[in-house]
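The values are calculated or read from the model by the stated rules, or taken from the named source; none is laboratory data. Everything quoted here is computed from the prediction, not taken from an experiment. With ideal geometry, Cβ positions are generated from the backbone for all residues, glycine too; neighbour counts draw on all protein chains shown. Keep in mind that these areas ignore ligands, DNA and RNA; they rest on the heavy atoms of the full protein, side chains included. Shrake-Rupley method; radii C 1.70, N 1.55, O 1.52, S 1.80 Å.
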Amino acid sequence: MTPSKNRRDFFRSTAGAALTTSIFTRNIKGANDKINAAFIGMGKMGRSNLHFAMGQENLVPVAVCDVYQRNLDWAVRDSKNQAKPYKDFREVLADKSIDIVCISTPDHWHAYMTVEACKAGKDVYVEKPICCVVDEGVKMVQAARKYDRVVQAGTMQRSAKHFQQAVEIVRNGDLGNITFVRTWNYANGMSEGIGNPPDSDPPPTLDWDMWLGPAPKRPFNENRFGVDPKDGYYSNFRWFWDYAGGWMTDWGVHWLDIVQMAMKEEMPAEISSMGGKLFTKDNTETPDTLQVTYNYPSGFVAVYERRSGNAQSMFEKGGGILFCGSKGTMFLDRSGYKIVPEMRMVRPPEPGARPTREPMMAEADVKSTDSGNKNHWANFLDCVRTRKKPISDIEVCQRSTTTCLLGNVAYRSKMKLIGTPRNGRRRNRNRANT
């Protein structure tokens, strides 16, 4: 597609398009068979996925794709010049020699590309959040099932050993009865944020029309795209509703995915939210201050909090999860987990004496030994060969993403959301006994 081609024609017309002409199921690959991999979206996250994928045995990076020439050049370099560069992802999907596709584009492209990759017979690794609209996630799951595709979502914390250990501690009831879980991301940044640059012409090496894709037509603004000469980690598109969901879907999906995994929950029953742009004065749209409260069917409350103007937090951590149980509290993040036991009175004190107390469980301070990324890619490729469901199967991440999307819906609508569990009634059980 050239920059001058009408962007709506691309989505209106599918007859004869490369992305819908190859609907088939591949044979199961053996452990020694080469897997030809393509990578779409070659910003920092895309190149990180390329790095971890190239660390796997028998994977060959045959294609990289991006609409921004700088990122494309860097990706070819990082592939050790093995990958062929593309600017149009449809050409990648049309190549029948490609087995898997990794999608690390801005969030608003995830759903469309995943569905079309499944149609084209590719297995997919797609970054989180998997979509920007609830219905898109449903379509992604339907496509994976209809075309019998392995689709792994990028919630790689599920593959980190210390997260798995922490999940088992919760599930075994070691922390006692958990009635409250807190998740958060706190920081104290500059009130001017990322500034208020005027709209302008896009860089000559960027296909801005293709970058927008299914999003509304808008003039180029460097904050929406996130031009960063130093290639900083965060792309600013995350803070605009057209392309993403702010901190709620960027980081909230990581934390709440683990909460739902540990507590054996699929979705909350009630959601309420409050917040706003209360600190930063830039042209971003998503809230810099936010609290979302989730009431789960099994009888516990979870919250997600975001602050931009104050960094003080539990355990002096900028983000993480607190599982608050009747026997102890566990803090969990990517650096490890720490357990602080509750204290109980052993016997009533004698007159004038201090009460005797003892911990209700053992302390723990476990450091992380891996990020989860390497294991996550290994799990994906193993499932490509065996056709099993991966640890972050698209349906699992669809629920985690939906939980976060609905948090934003509650915030933007200023309404409390109430749902009905699949069995039609709420459960009420002591999770420590499950």
Legend entry - Any pair with Cβ under 7 angstrom, 6 or more apart, that starts in the stretch 180-203 at a residue that is at pLDDT 95 or above and ends at one that is exposed (fewer than 13 other Cβ atoms within 10 Å of the Cβ) and assigned to a strand (DSSP E or B): Tyr186/Asn310; Asn188/Asn310
Legend entry - Matching residues in the stretch 182-220 - criterion: being of a type in the set (A, V, I, L, M), open to solvent by less than 50 Å² (accessible area, probe 1.4 Å) and out of contact with any strand residue (DSSP E or B) (no Cβ under 9 Å at 6 or more places or on another chain): Met210, Leu212, Ala215
Legend entry - Flag for Glu168 being charged (D, E, K, R), free of Cβ contacts under 8 Å to residues at least 24 places away in the same chain and under 26 Å from Ile339 (Cα atoms): yes
Legend entry - Any pair with Cβ under 6 angstrom, 6 or more apart, that starts in the stretch 108-122 at a residue that is within 18 Å of Ala244 (Cα to Cα) and hydroxyl-bearing (Ser, Thr, Tyr) and ends at one that is open to solvent by less than 10 Å² (accessible area, probe 1.4 Å) and outside any helix (DSSP H, G or I): Thr114/Val124; Thr114/Val126
Legend entry - Condition met for Lys84 (in contact with a strand residue (DSSP E or B) (Cβ under 8 Å, 6 or more places away or on another chain), of a type in the set (Lys, Arg) and open to solvent by 30 Å² or more (accessible area, probe 1.4 Å)): yes
Inset, instruction - Test Lys128 against the stated conditions and say whether it is at pLDDT 95 or above, open to solvent by 10 Å² or more (accessible area, probe 1.4 Å) and within 20 Å of Thr402 (Cβ to Cβ). - result: yes
Inset, instruction - For the stretch 104-131, name all the residues that are out of contact with any Gly (no Cβ under 6 Å at 6 or more places or on another chain) and among the hydrophobic types (A, V, I, L, M, F, W, C). - result: Ala111, Met113, Val115, Ala117, Cys118, Ala120, Val124, Val126
Inset, instruction - Being part of a strand (DSSP E or B), surrounded by 17 or more Cβ atoms within 10 Å (Cβ to Cβ) and either polar (S, T, N, Q) or at positive phi (or both) is the filter here, so list the residues in the stretch 254-285 that pass it. - result: Ser272, Ser273, Gly275
Legend entry - Matching entry among Ile321, Ile391 (being among the hydrophobic types (A, V, I, L, M, F, W, C) and closer than 15 Å to Val170 by Cβ): Ile321
Inset, instruction - Could you list all residues from the stretch 317-364 that are of a type in the set (Asp, Glu) and in contact (Cβ under 8 Å) with a residue 40 or more places away in the chain? - result: Glu342
Inset, instruction - State all residues of the stretch 204-223 that are part of a loop (DSSP other than H, G, I, E, B), in contact (Cβ under 8 Å) with a residue 24 or more places away in the chain, out of contact with any His (no Cβ under 9 Å at 6 or more places or on another chain) and not polar (S, T, N, Q); if no residue qualifies, say none. - result: Asp207, Pro216, Lys217, Arg218
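Let's see how each residue does on (1) open to solvent by less than 10 Å² (accessible area, probe 1.4 Å); (2) closer than 19 Å to Ile391 by Cβ:
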site	(1), (2)
Arg90	no, no
Thr105	no, no
Lys122	yes, no
Glu136	no, no
Tyr147	no, no
Phe163	yes, yes
Inset, instruction - Find the residue count for the stretch 50-73, including only residues that are assigned to a helix (DSSP H, G or I), touching a residue at least 60 places away in the same chain (Cβ under 8 Å) and in contact with a helix residue (DSSP H, G or I) (Cβ under 8 Å, 6 or more places away or on another chain). - result: 2
Inset, instruction - Take the residues in the stretch 344-357 that are closer than 22 Å to Gly325 by Cβ and open to solvent by 100 Å² or more (accessible area, probe 1.4 Å), then tell me which one is nearest to the chain's Cα centre (by Cα). - result: Arg344
Inset, instruction - Evaluate the following for Asp99: is it touching a strand residue (DSSP E or B) at 6+ places or on another chain (Cβ under 6 Å) and either open to solvent by less than 10 Å² (accessible area, probe 1.4 Å) or farther than 30 Å from Phe300 by Cα (or both)? - result: yes
Legend entry - Residue among Tyr233, Tyr294 that is in a loop (DSSP other than H, G, I, E, B) and either at pLDDT below 95 or open to solvent by less than 10 Å² (accessible area, probe 1.4 Å) (or both): Tyr233
